Amino acid sequence: MTLPKPPVPRVVGPVTLTDFVRYQGASGDLNPVHHDPAAAASAGFPGPFAPGMWAAGLLGTLATDWLGPQNVRRFSVRFAEQIWPGDVLTCTAEVLARPDGGTPLVDVALTCRRQTGAAAVVATATFVVPVEVPDAG
Amino acid sequence: MVVEAGKLREFAAATGSSHPAYVCPHADSSPPTFLITKRLWQADEDPWADTGLDPARILHAGEEFAFTGPPPGPGTTLTFDSHIEKVFTKRGRRGGELTFAVLCTEYRDEAGALRATSRTTVVQPGQTPLEPR
């Protein structure tokens, strides 16, 4: 069974406070550390930083744009490092474990790296392999 | 919570997707992390109250979503139930103790069928044992 080719890396940025706020409004997580410099300072940070789940969302849609929204069965993300305004993010996706023979599932690895090269957000996901409709003739 | 077309469009735009399954008038799916929007439907209480963790000090460490089939599309009404699954400690790289807690949430549709499960992991850094002299 052939999979669609992995997507070209998705480059996002330089990221802005507006990106963070747009996500915060969409998700309902209004934690001020992500948009209010005073709140970020009170919490011990040099300034507001990205909601980790925003970057997770970027990786999630990178994967579903590749393998199909209906096909995702698991998405697991961990936050390794903060993302700051001005960062340029490169989001990549690759196959981790190819389906062999009978199994209809594929595991993929998703990484969101900052311009420093550091992986800020790392995810794995499991998809049902997209079904290819065979040609009629 | 109700999976709504307008919120789907907004969430897809905020997370970098314009896939028709999320944004067109006949949208029929939701992004893998969309269920994080349950926050908009729940009471404003501290879900970590029973863990002893301080909501002002905890950081989001990770999140996992598992689906029993295709993710729910617009028009689906889900009821969700959360419980603290575990609390555990680990030694941090700098010698301090880190306390982790995992909140498990189950999402069921109108027929009572389990559609998804999420696990939210938070971490609270402890005091480091090394004090400056």
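The values are calculated or read from the model by the stated rules, or taken from the named source; none is laboratory data. Computed from a predicted structure; not experimentally measured. With ideal geometry, Cβ positions are generated from the backbone for all residues, glycine too; neighbour counts draw on all protein chains shown. Quick note on the areas: whole protein, heavy atoms, side chains included, nothing else; ligands and nucleic acids left out. Shrake-Rupley method; radii C 1.70, N 1.55, O 1.52, S 1.80 Å.
Which ones in the stretch B:1-20 are touching a residue at least 40 places away in the same chain (Cβ under 8 Å) and open to solvent by less than 60 Å² (accessible area, probe 1.4 Å)?
Selection gives B:Met1, B:Val2, B:Val3, B:Ala5, B:Leu8.
When you go through B:Phe11, B:Phe80, B:Phe88 one by one, which is the residue that is closer than 20 Å to B:Arg115 by Cβ, of a type in the set (Phe, Trp, Tyr) and assigned to a strand (DSSP E or B)?
Being closer than 20 Å to B:Arg115 by Cβ, of a type in the set (Phe, Trp, Tyr) and assigned to a strand (DSSP E or B) holds for just one of B:Phe11, B:Phe80, B:Phe88, which is B:Phe80.
Restricting attention to the stretch A:56-106, report how many residues are charged (D, E, K, R) and under 29 Å from B:Gly92 (Cα atoms).
Number of matching residues: 4.
Could you go through the stretch B:102-117 and let me know if any residue there is open to solvent by less than 60 Å² (accessible area, probe 1.4 Å), at pLDDT below 90 and either under 22 Å from A:Ala80 (Cα atoms) or within 12 Å of chain A (Cβ to nearest Cβ) (or both).
no
List pairs: first in the stretch A:1-26 and among the small types (Gly, Ala, Ser), second open to solvent by less than 90 Å² (accessible area, probe 1.4 Å) and in a helix (DSSP H, G or I), Cβ under 8 Å, 6+ apart or cross-chain?
A:Gly25/B:Glu10; A:Gly25/B:Ala14; A:Ala26/B:Lys7; A:Ala26/B:Glu10; A:Ala26/B:Phe11; A:Ala26/B:Ala13; A:Ala26/B:Ala14; A:Ala26/B:Thr37
For the stretch A:1-117, which fully contained strands (runs of 3 or more DSSP E) count at least 1 residues that are open to solvent by 20 Å² or more (accessible area, probe 1.4 Å), modelled with pLDDT of 95 or more and more than 10 Å from chain B (Cβ to nearest Cβ)? Let's see the steps before the verdict.
Details: elements: A:10-12, A:72-79, A:89-97, A:105-113.
So the answer is A:10-12, A:89-97, A:105-113.
Quick one: in the stretch B:50-59, which of the residues that are among the hydrophobic types (A, V, I, L, M, F, W, C) and open to solvent by less than 40 Å² (accessible area, probe 1.4 Å) is nearest to the other protein chains (Cβ to nearest Cβ)?
Taking the candidates together, the pick is B:Ile58.
Within the stretch B:60-77, which residues are over 13 Å from the mean Cα position of the chain (by Cα), outside any loop (DSSP other than H, G, I, E, B) and surrounded by 15 or more Cβ atoms within 10 Å (Cβ to Cβ)? Quick ask: steps written out before the conclusion?
Within the stretch B:60-77, the first condition is being over 13 Å from the mean Cα position of the chain (by Cα), and the residues that meet it are B:67-77.
Subsequent filtering for residues that are outside any loop (DSSP other than H, G, I, E, B) retains B:67, B:77.
Hit for the stretch B:60-77 is B:Phe67, nothing else.
As an exercise: evaluate B:His26 against (1) open to solvent by 20 Å² or more (accessible area, probe 1.4 Å); (2) more than 10 Å from every other protein chain (Cβ to nearest Cβ); (3) touching a residue at least 60 places away in the same chain (Cβ under 8 Å); (4) in contact with a helix residue (DSSP H, G or I) (Cβ under 9 Å, 6 or more places away or on another chain) and give the number of the one condition it does not meet.
(3)
Suppose the filter is assigned to a helix (DSSP H, G or I) and modelled with pLDDT of 95 or more; does A:Ala120 pass it?
So A:Ala120 does not fit the description; no.
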